[in-house]
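Each reported figure results from applying straightforward, stated rules to the coordinates on display, with no laboratory input. Everything quoted here is computed from the prediction, not taken from an experiment. Please note: Cβ atoms are built from the backbone with ideal geometry, for glycine as well, and neighbour counts cover all protein chains shown.
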Amino acid sequence: MKIAIIDGQGGGLGSSMIQKLKENLSSEDEILALGTNAIATSQMMKAGAQKGASGENAICWNAPRVDLVAGPIGILLANAMFGEVTPAIAEAVASSPAHKIVLPITTCNVEVVGKNNSSLPEMIDQLVEKVLLFKQSRSSS
């Protein structure tokens, strides 16, 4: 399975997601670090992603070519992450046929109703669990 982790700013959230996924996925699975900037990509690569690319074009080109996209909810919102998520990035991610799993981080001035008040590490654990369930459903069909 090919998974794209998209993050921006310093890449800390994406790095945490990648570290946790690496602990739970097989060596056959590929994690692609897609940073809105080079610093985010670099940090996600250090966390264990097999491949990485930075910027709008890299995200727009890769989003429809992966099985799953994960990141903060801001990857779906134009101008999120202090403007790092361009309208083209938000459209590419939202329009991608890939399954999407996002964390309801509220720094984008968007609150998801109905979510619990989990800590960030707990939400990353939940994200990893959803990725594994998605992978399992793909392999059984």
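Sort out which residues of the stretch 14-38 are surrounded by fewer than 24 Cβ atoms within 10 Å (Cβ to Cβ) and either touching a Leu at 6+ places or on another chain (Cβ under 9 Å) or closer than 22 Å to S119 by Cα (or both), and write them in order of number.
S15, S16, Q19, K20, L21, K22, E23, N24, L25, D29
Taking only pairs six or more apart or across chains, which ones have beta-carbon atoms under 7 Å, a first residue in the stretch 118-133 that is closer than 16 Å to I18 by Cβ, and a second residue that is in a helix (DSSP H, G or I) and of a type in the set (S, T, N, Q)?
Taking only residues 6 or more apart or on different chains, the pairs are I124/S16; V128/N24; L132/N24.
Return only the number of the condition from (1) touching a Lys or Arg at 6+ places or on another chain (Cβ under 6 Å); (2) surrounded by 18 or more Cβ atoms within 10 Å (Cβ to Cβ) that L77 does not satisfy.
It is condition (1) that L77 fails.
Within the bounds of the stretch 81-89, is there any residue that is in contact with a Lys or Arg (Cβ under 6 Å, 6 or more places away or on another chain), in a loop (DSSP other than H, G, I, E, B) and either under 22 Å from K130 (Cβ atoms) or not acidic (D, E) (or both)?
Within the stretch 81-89 (the criterion being in contact with a Lys or Arg (Cβ under 6 Å, 6 or more places away or on another chain), in a loop (DSSP other than H, G, I, E, B) and either under 22 Å from K130 (Cβ atoms) or not acidic (D, E) (or both)), the answer is no, since none of the residues qualifies.
So the check is Cβ under 6 Å with 6+ separation or different chains; which pairs have a first residue in the stretch 98-110 that's in a helix (DSSP H, G or I) and a second one that's surrounded by 18 or more Cβ atoms within 10 Å (Cβ to Cβ)?
Between residues of the stretch 98-110 that are in a helix (DSSP H, G or I) and residues that are surrounded by 18 or more Cβ atoms within 10 Å (Cβ to Cβ), the close pairs are C108/G74; C108/L77; C108/A80.
Would you pick out the residues in the stretch 1-35 that are in contact with a helix residue (DSSP H, G or I) (Cβ under 7 Å, 6 or more places away or on another chain) and of a type in the set (S, T, N, Q)?
Across the stretch 1-35, the qualifying residues are Q9, S15, S16, N24.
Residue check: is E91 surrounded by 11 or more Cβ atoms within 10 Å (Cβ to Cβ) and farther than 29 Å from S26 by Cα?
Judged against the criteria, E91 is a match.
A quick yes/no check of all residues on (1) of a type in the set (S, T, N, Q); (2) more than 17 Å from I5 (Cα to Cα); (3) out of contact with any Phe, Trp or Tyr (no Cβ under 8 Å at 6 or more places or on another chain):
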site: N79; (1), (2), (3): yes, yes, yes
site: G83; (1), (2), (3): no, yes, yes
site: S95; (1), (2), (3): yes, no, yes
site: K100; (1), (2), (3): no, no, yes
site: N116; (1), (2), (3): yes, yes, yes
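Got a number for residues in the stretch 34-81 being of a type in the set (V, I, T), touching a residue at least 40 places away in the same chain (Cβ under 8 Å) and within 18 Å of G10 (Cβ to Cβ)?
3
Can A70 be described as within 19 Å of V112 (Cα to Cα) and part of a loop (DSSP other than H, G, I, E, B)?
Spelling it out, it is not the case that A70 is within 19 Å of V112 (Cα to Cα) and part of a loop (DSSP other than H, G, I, E, B).
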